[in-house]
Amino acid sequence: MFLAVRRSLRRRGGIGLERSVLAGGRVAAMCKEPRCRVLRLPRGSQDWTEALKSAAEALHKGGVIGVPTDTIYGITCLAQDSRVIKEIYSVKERNGGKPLAICVGDIQDIYRYCRVCVPDQLLQDLLPGPVTLVLERSEALSKDLNPFTPLVGVRIPNHLFIQQLARACSGPLALTSANISSQGSTLTVEEFQDLWPRLSLVIDGGPVGDDMSPACRLGSTVVDLSVSGSYTVIRPGCALTPTVKILEEKYGLTRNVCLDTRPQTSGTCEGMVRSD
């Protein structure tokens with residue numbers, strides 16, 4: 001077939017036309033390639049110097065990048081950059097009324113961006129880990145991030161790369177799942193290839209989570225700790241049972257069941273496989 005096309009081109013316009021059309025085909029094919037780079041983290045090594053440098057540079061230039069976490073893959077940008085916050089909503093095709101969580105590298109950073117009304121040891125018991133803690137936001141956080149709520153969710157994933165990336169940046173990261181809003185969450189970079197053309201960089205940390213577990217795609221457990229002495233489950237996620245055990249048995253917090261925004265099923269809420 002290919003040879004027949006080449007002969008036809010030569011008959012119609014000679015070798016010059018043949019070269020022009022074939023070159024145009026190559027250009028068209030190249031234009032379909034994703035514009036972002038994909039950097040694979042070295043297996044069996046934590047020497048991530050190149051990947052950390054590239055990721056930090058992309059973020060500081062106003063980019064949105066794909067990153068591995070301890071639960072599912074996410075996309076992230078600088079939380080204090082108003083322009084790129086709009087872009088991350090656009091990338092996900094996400095409702096602007098849905099809040100974004102922030103990600104920091106260390107527990108002491110939480111005190112800068114949130115007003116904390118729980119013991120520090122409680123934060124130490126839950127973080128780093130697969131939990132998002134919803135707290136009252138402080139004045140240090142950009143007013144353009146979730147302007148419709150006085151609260152903000154904060155994460156420190158139990159994944160060394162994103163912890164180091166957060167430390168390398170000048171402020172908190174805005175973090176959300178790497179998928180089109182309302183679609184299934186992703187455990188490999190290939191699963192969110194449809195987002196690649198909108199991203200500046202993708203960090204490939206290999207498969208994350210346990211794809212044999214029914215909870216593998218639930219994302220982090222989201223708990224509201226903004227009211228002293230109590231907690232509210234906003235999303236059961238993948239770590240509800242151990243989180244509740246810590247909050248109730250160790251710290252004596254009371255669960256506001258009437259305020260829970262998602263149904264609980266057998267402690268793991270296995271039916272919740274989507275993460276916005």
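The values are calculated or read from the model by the stated rules, or taken from the named source; none is laboratory data. These numbers come from a predicted model, not from an experiment. Virtual Cβ from ideal backbone geometry, glycine too; neighbours counted across all protein chains shown. Note: areas computed on protein heavy atoms with side chains; ligands, DNA, RNA excluded. Shrake-Rupley method; radii C 1.70, N 1.55, O 1.52, S 1.80 Å.
Numbers below:
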{"read-out": "Members of segment 217-237 that are crowded, with 18+ Cβ neighbours inside 10 Å and either basic (Lys, Arg) or part of a loop (DSSP other than H, G, I, E, B) (or both)", "value": "Arg217, Leu218, Gly219, Ser220, Leu225, Ser226, Arg235, Pro236, Gly237"}
{"read-out": "Segment 242-259, residues that are touching a residue at least 12 places away in the same chain (Cβ under 8 Å) and under 23 Å from the mean Cα position of the chain (by Cα)", "value": "Thr243"}
{"read-out": "Candidates Val67, Val91, filtered to the one that is surrounded by fewer than 23 Cβ atoms within 10 Å (Cβ to Cβ), not in a loop (DSSP other than H, G, I, E, B) and not charged (D, E, K, R)", "value": "Val91"}
{"read-out": "Number of the condition not met by Gly267 [criteria: (1) open to solvent by 50 Å² or more (accessible area, probe 1.4 Å); (2) modelled with pLDDT under 95]", "value": "(1)"}
{"read-out": "Positions within segment 195-214 being exposed (fewer than 12 other Cβ atoms within 10 Å of the Cβ) and touching a residue at least 60 places away in the same chain (Cβ under 8 Å), in sequence order", "value": "Gly206"}
{"read-out": "Odd one out for Val38 among (1) β-branched (Val, Ile, Thr); (2) in a helix (DSSP H, G or I); (3) modelled with pLDDT of 65 or more", "value": "(2)"}
{"read-out": "Tally, over segment 151-192, of residues that are open to solvent by 30 Å² or more (accessible area, probe 1.4 Å) and modelled with pLDDT under 95", "value": "4"}
{"read-out": "Some residue of segment 77-85 being of a type in the set (Lys, Arg) and not in a loop (DSSP other than H, G, I, E, B)", "value": "yes"}
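Yes/no per residue for (1) modelled with pLDDT under 95; (2) in contact with a helix residue (DSSP H, G or I) (Cβ under 6 Å, 6 or more places away or on another chain); (3) under 15 Å from Asn179 (Cα atoms):
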residue	(1), (2), (3)
Arg198	no, yes, yes
Ser213	yes, no, no
Asp224	no, no, no
Arg235	no, no, no
